[in-house]
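Visitor: Got a structure here, written out as C-alpha cells. Questions coming.
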Amino acid sequence: MDGLSMELAKRVGQVLTLDDAKAIARAVTGGHSLALESIAPGWHADAFTLQPIWLDSEFSALEAHRLKGLCEVHPGEPVDVCWERIRELERLGRYVIFVARWADGRLAASLWLYFTRSLNNGTLTVTDDMLYLEPEVRNSLLAVGLCRYAEAVMFGLGARACTLQSYNVNKAGRLAKFLGYQKVADLYRKANYSGEASLTPTRYQGSTNG
C-alpha cells in the first residue's frame, strides 16, 4: 500500500476537510510544504526574475516552453503531455516548476523538477524533468543562475540530493559539471512506438555456418 492509500485508510468514514487534505499531502510528501507564494524570488544579472510557479498560473507560456523543449530533446517522437498528472504531482508536493522572466514578464527559461524519495535510504531527491531556455539566452549564464536558485529553494524544502539529466542534443552535461555535479550513470534508451513485438536478436548469437 502506498503512502497516499495509507493516509486515506486512516480516515475511512470521516468527512475530509481542507486541513485534513493538507495533512495528508504533508505526510505523503515527507512533511515539507510547497507553499510557492511564500518563497522569495531571486534575480539574475539584474535582468531576470527567478521564481517557482504553478502550472496553471501561466499555462499557455509553460505549455509552449515544454512543447518546444520536447521537440528539441526528442525530435520526431509523438507528444502527448499528461498535464493532469503534472497537476496531481503539484498538489501532492512532488513537482515544481521554476521560471526566469525578462523584465517585461515574458518567460526566458523554465525548469521542471520532480521530488522523489529513495527506496534504498529514504533520501529526498530532486530530479529534473526538463530545462528549456529561449534561444536568445542560451549563451548567457541564465541556466546556471536558475539552477542554483532552484537548488537553494529545494534544499530549503528538505531535499538532500539533486540529479540533472543530460541528453546528446542539449549537452547539459557541461552545465551539470559547471554546477558541481558528478557523473554517476550513462542513460541508454530504446523506443518502439509501433507497439509490435520483435524477436529479432539485438546482437550476434552463434555461428551462421551450421
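Visitor: Accessible area, 1.4 Å probe, largest first: how do Y193, Y114, Y132, Y188 sort?
Guide: Working: Y193 130, Y114 80, Y132 10, Y188 190 Å².
Highest to lowest solvent-accessible surface, that is Y188, Y193, Y114, Y132.
Visitor: Per residue, what volume in Å³ does the convex hull of the Cα atoms of segment 83-199 enclose?
Guide: On the way: hull volume 20.8 nm³, N = 117.
Roughly 178 Å³ of hull volume per residue.
Visitor: Count the net charge of all other residues whose Cβ sits under 13 Å from the Cβ of R174, scoring Lys and Arg as +1 and Asp and Glu as -1.
Guide: On the way: positive: R138, K171, K177, K183; negative: none.
Summing Lys/Arg as +1 and Asp/Glu as -1 gives +4.
Visitor: Here's something else I'd like to know. Please give the net charge around Y114, taking every other residue with its beta carbon less than 9 angstrom from that of Y114, where Lys and Arg add +1 and Asp and Glu add -1. Kindly include the intermediate steps, with their values, before the conclusion.
Guide: Working: positive: R94; negative: D128, D129.
Overall, the nearby charge balance is -1.
Visitor: Order the following by accessible area, largest value first: E151, E72. Probe radius 1.4 Å; ligands, DNA and RNA are ignored. All intermediate terms of the calculation are to be shown ahead of the outcome.
Guide: Values: E151 35, E72 85 Å².
The residues order as E72, E151, largest area first.
The values are calculated or read from the model by the stated rules, or taken from the named source; none is laboratory data. In this text, all values refer to a predicted model and were calculated from it rather than measured experimentally. With ideal geometry, Cβ positions are generated from the backbone for all residues, glycine too; neighbour counts draw on all protein chains shown. The area values use the complete protein model at the heavy-atom level, side chains included, leaving out ligands, DNA and RNA. Shrake-Rupley method; radii C 1.70, N 1.55, O 1.52, S 1.80 Å.
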